[in-house]
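What follows draws every value from the coordinates through simple rules; no lab data is involved. Computed from a predicted structure; not experimentally measured.
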Amino acid sequence: MKLTREVKTAILVISGIVLFIYLFNYLKGEDLLSSSRTYYVVYDNVEGLAPSTPVTINGLNVGRVQDISFKEDGSGDLLVKLLIENDFEFSKNSKAQLYDLGIIGGKAIAIVPAFDGAEPAKSGMTLEGTTKDGLTELVNQRLAPLQEKIESVMVNTDSLLNNLNAVFDTETKQSLKRSIVGLEETIGSFKATSNSVNRMLTANQQSLNKTLENAEHISTNLSKMTDSLAAANLKKTIEDLQSTIDNVDQIMASVENGEGSIGKLLKDEKLYDNLEGASKQLEELLQDMKLNPKRYVHFSLFGKKAKRYDAEGNELKDKEN
């Protein structure tokens, strides 16, 4: 059968209208040719979320946001309609998490599936909505305490500067200037002293080298002496010294016990008294000899008989026959 021009025109117009309706609904997030499932999620704020935004499960794109509208209860909450085009099943206790797409902005929804054995989520159900903090929220959470600390530091710094200004009055500033001038003079003197020392070292470099050489020789000799001492039989020397000390201890013990001549001399009181008496008599004898030498020494050229004396020093008279 031959189609007339009018029929062809009608078919073309109807096809264009159907294609327009399909494209219009597709742009709205509805695919009239697919067997998709529809879910609803309620959020209090969806800033950055737009229709046709991808919906993912574990990072896989399984659908898109179909529509965003206010709830009719007057609460101001937003009702988000999700169109899932994947056959993957998940529990009705699964959650729809709103998260940031990136630093430049924009949001997307990720379904966090729950495998708790509950009834699978069916088309038309409302899922629990959650919000994942984005980079901006995390930065704000970190910056808020830091901002408080910075403000506290600034207040303390301001107070410190005020105290410093109060301390560094005109007189103090002048004192500091004088101190700095004195410090500069001290540094200059130290520099001059350092230059003098350098010149002295340069002038006496040869003597210093000789001194260092002598010190090196002394060190070598000490090393050799140390080696000689290490090679010597110090053990036998120490043993002999210990034996000598033991003998001295025995001698001192004998003397302490009154044995031997030295021990008796130190411990025997009678011997000490006899020696003391003899010493006293000898002293008296020497004193008498000094005062009366004629009593002990007699010299006569003519044979004169020497005088005699008794024990008390009295002259004895000879009895006449």
Exercise for review: Tell me which residues come under 5 Å, amide H to amide H, from Glu128 once H is placed; ignore anything under 5 positions away on its chain.
Suggested key: Ala96
Study note, to complete from the structure: On each of the three principal axes the extent of the alpha-carbon atoms of segment 158-242, given in whole Å and largest first, is 80, 42, 22
Point to revise | Of Lys71/Lys92; Lys107/Lys149; Lys71/Lys107, pairs whose Cα-Cα distance is over 25 Å | key: Lys107/Lys149
